[in-house]
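What follows is a set of notes on a single structure, which appears directly below.
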Amino acid sequence: PDTEVIAIDEAQFYDDDIVLFCQKLADQGKRVIIAGLDQNFRGEPFGPIPKLLAIAEYIDKLQAICMVCGNTASRTQRLVNGQPAKYSDPTILIGAKESYEARCRKCHDVPKE
């Protein structure tokens, strides 16, 4: 049977080639569902997500609950040894012992140093 739906998770970790790939699939009549973070731990646009958002026909932006105050959260706080990661830390860490939690704009903290 022909594939009708293609789902891609963690799209923020792909390079920009995913944008053309998804465009081609959509042009072939496929339904393409993409999930990924739109911001990195610094609160900046993350990977190809802004370009994918630009070509999307439908966008559902989900929210979480801030782990500090309980308000609606739209950001990801990276913690290293329980403390907010510094701005200068690498965007992507492989095999590191960091953790993440949902934060609202007010509680999101990225120390400059």
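What follows is calculated from the coordinates using simple rules that are stated; it is not laboratory data. Just so you know, these numbers come straight off a predicted model, no measurement behind them. No Cβ is skipped: glycine too gets one built from the backbone with ideal geometry, and neighbour counts run over all protein chains shown.
Return the inverse of the average 1/r over all pairs of distinct C-alpha atoms in the stretch 5-55, which is the Kirkwood hydrodynamic radius, in Å to one decimal.
One decimal place: 11.1 Å for the Kirkwood radius.
Against the empirical 2.2 N^0.38 Å scaling, what ratio does the C-alpha Rg of the stretch 64-103 come to?
1.21
Rounding to the nearest 20 debye, state how big the charge dipole of the stretch 5-55 is about its Cα centre with +1 on each Lys and Arg Cβ and -1 on each Asp and Glu Cβ.
That gives a dipole near 200 debye.
State, as an integer percentage, the relative contact order of the stretch 5-55 based on alpha-carbon contacts under 8 Å between residues 6 or more apart.
Worked out over the stretch 5-55, it gives 47 percent.
Checking the cross-link filter: which aspartates and glutamates have an alpha carbon closer than 20 Å to that of residue 51, excluding same-chain neighbours under 8 positions apart?
Candidates past the 8-residue exclusion: 9, 10, 15, 16, 17, 27, 38, 60.
Does anyone have the angle between helix 17-27 and the longest principal axis of the chain? Alpha-carbon axes, 0 to 90°, nearest 10?
For 17-27 against the chain, the angle is about 40 degrees.
Dipole size in debye (nearest 20) for the chain around its Cα centre, Lys and Arg Cβ +1, Asp and Glu Cβ -1?
It comes to approximately 540 debye.
Report, as a whole number in µm² per second, the diffusion coefficient that Stokes-Einstein gives for the chain at 37 °C and 0.692 mPa s using the Kirkwood radius over alpha carbon pairs.
211
With runs of 4+ DSSP H residues as the only contributors, calculate the mean residue ellipticity of the chain at 222 nm using -39,500 (n - 2.57) per run, divided by the residue total and rounded to the nearest 500.
After summing the helix terms and dividing by residue count, I get -4500 deg cm²/dmol.
What is the spin-label model distance, in nm, from residue 81 to residue 33 if the labels are put 7 Å beyond Cα along the C-beta direction?
4.2
Relative contact order, percent, of the chain when contacts are C-alpha pairs under 8 Å separated by at least 6 residues?
Dividing the mean separation by the residue count of the chain yields 23 percent.
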